[in-house]
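The block underneath contains the structure these notes are about, expressed in structure tokens.
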Amino acid sequence: MRRVSRILAALVLASSASTFAPAQIPPAPNPPAAQSSEERLRQLEQLLADTRAELAKIKASSTSATTDAKLDELSRRIDILAQEIENLKMGEAAPAVETGAQSGEKSVERYGIGPAGAKVYGLKKGVSIGGYGEVLYNNFASKDQSGNPTSGDDVITLLRAVLYVGYKFDQHFVLNTEIEYENAVVASDKGGEAEIEFAYVDYMHSRAFNARSGLVLVPSGLVNQLHEPTSFLGARRPDVENFIIPTTWRELGAGVYGELGPISYQAYGVNGLNAAGYTARRGIRGGRQEGSEALAKSWAFAGRADFTAVAGLLAGVSVFSGDAGQGQYTPSGVKIGALTTIFDVHADWRWRGLWLRGLYARTSVGQADLINQLNNFEADESVGSLQEGWYVQGGFDVLSLVSATKLNLIPFVRYEQYDTQAEVPVGYERNPENDVKEVTVGVAFQPIPQLILKTDWQQRHNAAKAGVSVWNASLGYVF
């Protein structure tokens, strides 16, 4: 009777596979890290079927000692397999502190945010807390590229300290927020800021279709949505994704996102930019309204599509387009439309220890001459009617060649080129200081996945021969 009871218990465990929580699967071999969730699910279901078949054979065995021992092992395997299958079927978020080859891509393609910010999606219900931060040191060269003395001060700062707070109400509704403090102190004599990076509510329907509304990250480029310090190389974010794509960029609006076969997508309607904030050097960056009493006479569309069928590869395009005039007029009484369109094509590929990344971004600004009149800009201060930039980056984790280590040591190099005045309206002049080329060489070290130390040297040149190189070092954390 004892033997029969144990067999029945094992069968009950096998037949109720969808009721258990996540776990790992010893002693079955782990699949390669490059496997998709669907491949993993198929493998686990096959293992469960094989285990059930083995249980049936043991049931007919006549050796009681052998039967008891094998039933113990099979009961354990069935339990753990059931847990893992349920985890995958629920579509649980990637672990928030995981920074391996695919955690970043999976979180951004599925939810449009970084892995730590995606923690709330892994809950059944309740509060989720996570965050990240960066300490940054800048040491500027004493002379520019022409050999002239520079006046920049070396600076160290707590660049940002971020807290994610989310709440999962039930299987359908999720609240997620990101609260950021910059430069440690918010005071009139300091450069610190306190701001909300995002605050939105999701309606979770299925992997193929979900809805989002609130203060959302614009789905442009590689860094704007995936900007936790363990998710990019370099002590500083790439300048192309600062001056051409104004990272971190968020606006108020609503839209949908999901995964359709090999393609993940995002599409939002958001308030438009404010052209009054455009400048020659910083491009459209000052036009972000950040959800703070945003002018809403002009609206925009933001969309993105990524190919994700190849393990470790994220490749796609994004577009943002809408008027930025916000009902404003020039001093002479001409209404400003200022249609602004940002397009980018991007790719990020991680294979074993290799990490490659590249991006091209292009911004066109209509009626740049009227924006110049609105802001009373001089001849060489013109907003660029065309702004563009690109970069390529490669790194390799040399410790991936060492067995039985969880440390990461990634030397890398990045080349980027951008011009916020690639074209200007007739009657205005380009400032050669805004035509920039940079080479960044550095190394990133992770003693554990949640911590990263980065140092690099950036050689900066511009067409005015006034570029100033800088050595950077940073400490980043994520939890």
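Quick check on region 403-438: of everything there that is within 26 Å of the chain's Cα centre (by Cα) and closer than 20 Å to Gln367 by Cα, which residue is surrounded by the fewest Cβ atoms within 10 Å (Cβ to Cβ)?
Asp419
Return the only residue of Ile342, Ile371 being touching a helix residue (DSSP H, G or I) at 6+ places or on another chain (Cβ under 6 Å) and in the same structural domain as Ala235 (by TED's automatic domain parsing). Don't jump to the end; show me each part of the working.
Numbers: Ile342 fails: touching a helix residue (DSSP H, G or I) at 6+ places or on another chain (Cβ under 6 Å).
Among Ile342, Ile371, only Ile371 is touching a helix residue (DSSP H, G or I) at 6+ places or on another chain (Cβ under 6 Å) and in the same structural domain as Ala235 (by TED's automatic domain parsing).
When you go through Ser364, Ser400, Ser385 one by one, which is the residue that is in contact with a strand residue (DSSP E or B) (Cβ under 9 Å, 6 or more places away or on another chain), crowded, with 20+ Cβ neighbours inside 10 Å, of a type in the set (Ser, Thr, Tyr) and in contact (Cβ under 8 Å) with a residue 24 or more places away in the chain?
On the way: Ser364 fails: crowded, with 20+ Cβ neighbours inside 10 Å; Ser400 fails: crowded, with 20+ Cβ neighbours inside 10 Å.
Being in contact with a strand residue (DSSP E or B) (Cβ under 9 Å, 6 or more places away or on another chain), crowded, with 20+ Cβ neighbours inside 10 Å, of a type in the set (Ser, Thr, Tyr) and in contact (Cβ under 8 Å) with a residue 24 or more places away in the chain holds for just one of Ser364, Ser400, Ser385, which is Ser385.
Pull up region 327-358, narrow it to residues that are in a strand (DSSP E or B) and small (Gly, Ala, Ser), then point me to the one that is nearest to Leu314 (Cα to Cα).
As a first pass, look at region 327-358 and keep what is in a strand (DSSP E or B): 329, 335, 339-351, 354-358.
Filter once more, keeping what is small (Gly, Ala, Ser): 347, 358.
Values: Ala347: 6, Gly358: 11 Å.
For region 327-358, the residue satisfying everything is Ala347.
Glu228: charged (D, E, K, R), touching a strand residue (DSSP E or B) at 6+ places or on another chain (Cβ under 6 Å) and over 20 Å from Gly291 (Cα atoms), yes or no?
Values: charged (D, E, K, R): yes; touching a strand residue (DSSP E or B) at 6+ places or on another chain (Cβ under 6 Å): yes; over 20 Å from Gly291 (Cα atoms): yes.
Criteria met by Glu228.
Could you give me the residue pairs with C-beta distances under 6 Å whose first residue belongs to region 149-167 and is at pLDDT below 95, whose second residue is among the aromatic types (Phe, Trp, Tyr) and in a strand (DSSP E or B) wherever it lies, and which are 6+ apart or on separate chains?
Short answer, once both residue conditions are applied: Gly152/Phe140.
Here is a check on your reading of the model: is Ile129 closer than 26 Å to Val478 by Cα, part of a strand (DSSP E or B) and at pLDDT 65 or above?
Numbers: closer than 26 Å to Val478 by Cα: yes; part of a strand (DSSP E or B): yes; at pLDDT 65 or above: yes.
The answer is yes for Ile129.
Do we find that Arg430 is part of a loop (DSSP other than H, G, I, E, B) and within 30 Å of Gly337 (Cα to Cα) in this structure? Give the steps one after another, and end with the answer.
Numbers: part of a loop (DSSP other than H, G, I, E, B): yes; within 30 Å of Gly337 (Cα to Cα): yes.
The answer is yes for Arg430.
What about Lys465, is it part of a loop (DSSP other than H, G, I, E, B), of a type in the set (D, E, K, R) and either loosely packed, with under 15 Cβ neighbours inside 10 Å or out of contact with any Phe, Trp or Tyr (no Cβ under 7 Å at 6 or more places or on another chain) (or both)? First the steps, then the outcome.
Details: part of a loop (DSSP other than H, G, I, E, B): yes; of a type in the set (D, E, K, R): yes; either loosely packed, with under 15 Cβ neighbours inside 10 Å or out of contact with any Phe, Trp or Tyr (no Cβ under 7 Å at 6 or more places or on another chain) (or both): yes.
Taking the combined requirement at face value, the residue satisfies it.
The values are calculated or read from the model by the stated rules, or taken from the named source; none is laboratory data. As the structure is a prediction and not an experimental result, all values here were calculated from the model. Virtual Cβ from ideal backbone geometry, glycine too; neighbours counted across all protein chains shown.
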